[in-house]
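First up is the structure itself, then whatever we jot down about it.
The values are calculated or read from the model by the stated rules, or taken from the named source; none is laboratory data. Since the structure is predicted, the reported quantities are computational estimates derived from the model, not experimental observations. Note: ideal-geometry Cβ built from the backbone for every residue, glycine included; neighbour counts use all protein chains shown. Surface areas here come from the heavy atoms of the whole protein model, side chains and all, with no ligands, DNA or RNA. Shrake-Rupley method; radii C 1.70, N 1.55, O 1.52, S 1.80 Å.
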Amino acid sequence: MNVMVLGAGLLGVTSAYFLRQQGHDVTVVDRQATPAAETSFANGGQISVSHAEPWANPSAPLKVLKWMTKEDAPLLFRVRADFRQWLWTLAFLRECTPARTRHNIECIVRLGTYSREMLQQLRRDIGIDYDQRTQGILHFYTSASELAAAEGPAAQMRALGCDRRLITVDEALAIEPALRHIAPKLAGATYTAQDESGDANRFARELVEHCQADGVRFLMSHTVTALRAAAGKLDHVEATDAEGRFQFLQADAYVLAMGSWSPLYVRPLGIRLPIYPAKGYSVTMPVRDASRAFQVSLTDDEHKIVFSRLGDKLRIAGTAELNGYDRDLNRVRCEAIVRRTEELFPGAGDPQRAQFWTGLRPATPSNVPIVGRSKLPNLYFNTGHGTLGWTHACGSGKSIARIVSGLKPEVEFPFLGV
Ligand SMILES: Cc1cc2nc3c(=O)[nH]c(=O)nc-3n(C[C@H](O)[C@H](O)[C@H](O)COP(=O)(O)OP(=O)(O)OC[C@H]3O[C@@H](n4cnc5c(N)ncnc54)[C@H](O)[C@@H]3O)c2cc1C
């Protein structure tokens, strides 16, 4: 079958790889000149099954209210005259009940565990290298109440097979000695030895090279302008190429993987996808003093910041701002990340040479992605991965490839239309 994948971010590229494995002729379309140039460009690098607790949880409404006016808040809702933002926020609040949170954690852990296995399998199959580290992920807490709040979700994750165990401060220091500077402030930590980290952008670029060698076609610098339906199915895609020339693109099946932009293109087809952009920031800086720099991937839950070591660089990413499609770099938020990094790991990185970046996470209210069949029989979704698109990429890519091929997915998950 001819399958067209719309979007060459992490989700589009992994879909293409697994579709090709199923024997399909695959074409990928993206408006950028290179793959993974938008939200998949400089994320936190974590393959974190243990980061399964969604933003929407029982403690969120109060925190969000408290943070409303704080420019450097970890999660900031900027109220706009935007009906889509309000609808999304209402849906987000509905996901904050204990029962919905437990349900969402379960879906996220199941897909995450499967996805991590599929990433490891892919690594064995094609020998890809992307500054990966398999030293686990350590969540640390400087507030006893935040630590206590993490215990319930961690226990639920353990019951689902994700071994996120509570550890003492001494154990945390043995796993990551770079935490020694804040040792007196640490209330405790959790550790998930099976979690990983790595450079998602490098992974995507390497995977594209492999796919190209395997016959996948990439139409880069092609901007999708419309999806057109006829006779009850998706008939064709309209696009413009790098020179602005009109392109009429047709295939037997289509996988929509355009991240935060996905909902805009299916709305004219009468399909509403509950995805809203959640802007995040990252800072990448070279290691200055290796003896002070972290090796293990870390999560600072209270500040919603993650830390990954990518070769000789430190990647620090996080925070979220709901402010439409705005991608401006807010100085206050960038500086807050650098400040926190300096506070935790003084002298580890070189802030003078820091590179700042923002990306728009395609966030669903529950943080459960939208993977599966649409109401049009030949249009499929692999989108809405929010905070965990790197963690969930290989599992979602393989699942959508199986669904398109008429096969049952290998993991229990609420796939659409399956
Ligand atoms: C600060 C930050 C930190 C993060 N940290 C982590 C982490 O540590 N671990 C983790 O698992 N996840 C993390 N994430 C989330 C993860 O990066 C995203 O979920 C993931 O990148 C989304 O991938 P995607 O393929 O859906 O979207 P994208 O990467 O945005 O890909 C969509 C593609 O569609 C293309 N496109 C859009 N519109 C059009 C059009 N009209 N025509 C043609 N092409 C189009 C774009 O060019 C783009 O290449 C983080 C995100 C951010 C912002």
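Of note:
- Only one of the numbered conditions (1) touching a helix residue (DSSP H, G or I) at 6+ places or on another chain (Cβ under 6 Å); (2) open to solvent by less than 20 Å² (accessible area, probe 1.4 Å); (3) within 16 Å of the ligand (Cβ to nearest atom); (4) not small (Gly, Ala, Ser) is violated by residue 57, and that is (3).
- Residue within the stretch 295-302 that is crowded, with 21+ Cβ neighbours inside 10 Å, touching a Leu at 6+ places or on another chain (Cβ under 6 Å) and within 18 Å of residue 54 (Cα to Cα) present: yes
- Residue 34 meets the conditions (1) over 13 Å from the mean Cα position of the chain (by Cα); (2) modelled with pLDDT of 95 or more; (3) under 19 Å from residue 115 (Cβ atoms); (4) assigned to a loop (DSSP other than H, G, I, E, B) in every case but one. The failed one is (3).
- From the options 351, 346, 409, residue that is farther than 21 Å from residue 67 by Cα and in contact with a strand residue (DSSP E or B) (Cβ under 8 Å, 6 or more places away or on another chain): 351
- Qualifying residue in the stretch 259-267 (condition: surrounded by 20 or more Cβ atoms within 10 Å (Cβ to Cβ), part of a strand (DSSP E or B) and within 11 Å of the ligand (Cβ to nearest atom)): no
- From the options 181, 222, residue that is over 28 Å from the mean Cα position of the chain (by Cα) and either of a type outside the set (D, E, K, R) or more than 16 Å from the ligand (Cβ to nearest atom) (or both): 181
- Residues that are of a type in the set (D, E, K, R) and more than 11 Å from the ligand (Cβ to nearest atom), drawn from the stretch 342-370: 342, 343, 350, 353
- Scanning the stretch 100-111 turns up one or more residues that are over 27 Å from residue 138 (Cβ atoms) and open to solvent by 60 Å² or more (accessible area, probe 1.4 Å).
- Among (1) surrounded by 15 or more Cβ atoms within 10 Å (Cβ to Cβ); (2) out of contact with any His (no Cβ under 9 Å at 6 or more places or on another chain), the one test that residue 50 misses: (2)
- Test: residue in the stretch 17-30 that is at pLDDT 95 or above, within 12 Å of the ligand (Cβ to nearest atom) and open to solvent by 50 Å² or more (accessible area, probe 1.4 Å): no
- Filter result for residue 134 (among the hydroxyl-bearing types (Ser, Thr, Tyr), farther than 30 Å from residue 13 by Cα and within 23 Å of the chain's Cα centre (by Cα)): no
- Extreme residue, farthest from the ligand (Cβ to nearest atom), among residues of the stretch 1-14 that are under 19 Å from residue 236 (Cβ atoms) and not in a loop (DSSP other than H, G, I, E, B): 2
- Against the conditions (1) more than 29 Å from residue 309 (Cβ to Cβ); (2) touching a strand residue (DSSP E or B) at 6+ places or on another chain (Cβ under 7 Å); (3) β-branched (Val, Ile, Thr), residue 39 satisfies every one except (1).
- Filter pass, residue 254 being outside any loop (DSSP other than H, G, I, E, B), of a type in the set (Ser, Thr, Tyr) and open to solvent by 30 Å² or more (accessible area, probe 1.4 Å): no
- Taken over the stretch 269-304, the criterion of being away from the ligand (no atom under 14 Å from the Cβ) and more than 19 Å from residue 133 (Cα to Cα) is satisfied by 269, 270, 271, 272, 274, 288, 289, 302.
- Residue 155 crowded, with 22+ Cβ neighbours inside 10 Å and either in contact with a Cys (Cβ under 7 Å, 6 or more places away or on another chain) or not in a strand (DSSP E or B) (or both): no
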